[in-house]
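Worksheet: one structure, shown below.
The values are calculated or read from the model by the stated rules, or taken from the named source; none is laboratory data. Keep in mind it's a predicted model, so treat the numbers as computed, not measured. Using ideal geometry, Cβ is built from the backbone for each residue, glycine included, and neighbour counts are taken over all protein chains shown. Accessible surface is based on the protein model in full, side chains and every heavy atom, while ligands, DNA and RNA are left aside. Shrake-Rupley method; radii C 1.70, N 1.55, O 1.52, S 1.80 Å.
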Amino acid sequence: MTRRVDTTVRPHRCPRCGAAILRGYDAEIAAILAVVDPLPIEDQADELAAILAGRTTYDLIGMRDKALNPRDEYRIAHRRHTILAAHRCPGPVPGDALDHTPPEQFAPDDAEPPF
């Protein structure tokens, strides 16, 4: 019996550099844990540079539960999904970007508006 792996991508922090990363398995069967930087690759030249630097690139697919699908050099011309590259320390997004604190709430009975 084959056991399937949850491929949902979730935000984490890199244990080495503390940068914000996304982690998820790249397949349901025989999966490899993919760790990527959350900033998308914008064009073919940047993707080629990532591949030449030894970084795997992935399509971020799915509407609700996002998953990572590995890309190869033959898919550079096809850009239907958001493309992310494997994480390399130090990451482009600092880890404190994950610490979101909600803004102060405006009390409706205040005489002065907060703006």
When residue 11 is run through (1) part of a loop (DSSP other than H, G, I, E, B); (2) over 13 Å from residue 92 (Cβ atoms); (3) of a type outside the set (A, V, I, L, M), the failure sits at (1)
Just one listed residue, out of 22, 52, 84, is at pLDDT 90 or above, loosely packed, with under 10 Cβ neighbours inside 10 Å and of a type outside the set (S, T, N, Q), and it is 52
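Is it true that residue 31 is surrounded by 14 or more Cβ atoms within 10 Å (Cβ to Cβ) and within 16 Å of the chain's Cα centre (by Cα)?
Considered against the rule, which asks whether it is surrounded by 14 or more Cβ atoms within 10 Å (Cβ to Cβ) and within 16 Å of the chain's Cα centre (by Cα), residue 31 comes out as no.
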Picking from 11, 40, 15, the residue that is open to solvent by 50 Å² or more (accessible area, probe 1.4 Å) and under 17 Å from residue 81 (Cα atoms) would be 40
